[in-house]
Amino acid sequence: MSERRIFRFAPSPNGYLHLGHAYSALLNFTLARGCGGRFLLRIEDIDLGRVRPAFEAAIYEDLAWLGLEWEKPVRRQSEHFDDYAAALERLDAMGLLYACGCKRSDIGHFAAEHPGWPRDPDGAPLYSGICREKPRRPAREILADGGEALRLDMAKATALAGEGLFWREYCVRGREGAPDAGEGFFLTPANPAQWGDVVLARKDTPASYHIAVVVDDALQGVSDIVRGRDLFFATSLHRLLQRLLSLPEPRYRHHELVLDDTGEKLAKSRGSTTLRALREAGISAAEVWRKLGFQISAE
């Protein structure tokens, strides 16, 4: 008998949820229910400077209003820094981490002085690697000092990981959310080098999103990672970290984003209309389900 598939929705409590979040949560929830799987909620609150308890409380309220149910207890990243530290120490023991004291402005100035300097998939200039040859120190010591970040030596990491790095990208045959939609997958080659020597930890953020998410998914046994297309390219880096840390390979599905009237993706930073605002305006949860294309009624 095959194991039950596990899906998760993992928002950050640094603002109120909008329709884009609702779409991802509903898709994970309906896919889990459709295959008899499990649906988890994870709170990604590792960026302690930006998260707020009120936003976390609002996440639970909004998802409950939508009619979603999730397993408890909820995993909160801020309670599991030791798990991420253990993963970083494993990478450090492989000689893959180094200290970097450069600021974002330093990297930006360097790129400006070198026309055509490569950029990562998010558009940020790649790090030049000027700190790469510094004398190596233990990762825990670097973070304790607080003046430097931990970067991944991408060239060494990809060499150690070897060839044949890819992921299974699942796609829907038919409309997403439809109960009768089939699925298939295609193999997607991973290209983590396009991210350069990424930062994996700082003192004020003891683990980056990238290291935390692969550790969390492995520890929670997540089998299906269903998230927005804006994270498609990050999957290359996640697959690299999974291989280096000997973590399981999940199934991936990167869904289309919910856009506003101008064609831009919904975002907290852009002040996109929140679920609580829709609720206060008299919109029902069932209307949200229908607006986002889901046939299962929340009523």
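Quick notes
- What the Kirkwood sum gives for the range 80-258 is a hydrodynamic radius of 17.5 Å, with every pair of different alpha carbons counted.
- Pairwise centroid distance, computed over Cα atoms, of the range 113-134 with the range 1-68, Å: 34 Å
- Taking other C-beta atoms within 10 Å as the exposure proxy, Asp106, Asp45 rank Asp106, Asp45 from fewest upward.
- Taking amide H positions as modeled 1.01 Å from N, with prolines and chain starts lacking one, the residues under 5 Å from Leu257 and 5 or more places away or on another chain are Arg229.
- The DSSP beta bridges internal to the chain are antiparallel in roughly 55% of cases.
- Two-site FRET efficiency, Ala86 against Thr188, from Cβ-Cβ distance with R₀ of 30 Å, rounded to 0.05: 0.55
- For the pair Arg119 and Asp260, label points projected 7 Å from Cα toward Cβ lie 2.1 nm apart.
- Zone residues, the range 30-52, relative to Gln220, backbone N less than 13 Å from point 7 Å out along Cα-to-Cβ: 38-46
- Counted over all Cα-Cα pairs of the range 109-169, pairs farther apart than 17 Å make up 62 percent.
- Between helix 234-244 and the chain: long-axis angle, C-alpha atoms, 0 to 90°, nearest 10: 60 degrees
- Fewest-first ordering of Ser12, Ser269 by other beta carbons within 10 Å of each residue's beta carbon gives Ser269, Ser12.
- Geometric descriptor of the chain, per residue, is 154 Å³ (volume of the convex hull of the Cα atoms).
- For the range 80-258, DSSP calls about 70 percent of its internal beta bridges antiparallel.
- Where no second cysteine Cβ lies under 4.7 Å, the cysteines concerned in the chain: Cys35, Cys102, Cys171
- Förster-model FRET efficiency, 30 Å R0, Ala267 and Glu3, C-beta, rounded to 0.05: 0.25
- Simple point charges give the picture: +1 on the Cβ of Lys and Arg, -1 on the Cβ of Asp and Glu, and for the chain a dipole about the Cα centre of about 200 debye.
- 3J(HN,Hα) along the range 40-48: 10, 10, 10, 9, 8, 10, 6, 8, 5 Hz, from the Karplus curve 6.51 cos²θ - 1.76 cosθ + 1.60 with θ = phi - 60°, whole Hz, x for Gly and Pro.
- Residues Phe81, Phe233, Phe39 arranged by fewest to most Cβ contacts within 10 Å: Phe81, Phe233, Phe39
Only the coordinates and a few stated rules stand behind these numbers; no lab work does. Since the model is a prediction, treat every value here as computed from it, not as a measurement. Glycine gets a Cβ as well: all are built from the backbone with ideal geometry, and neighbour counts include every protein chain shown.
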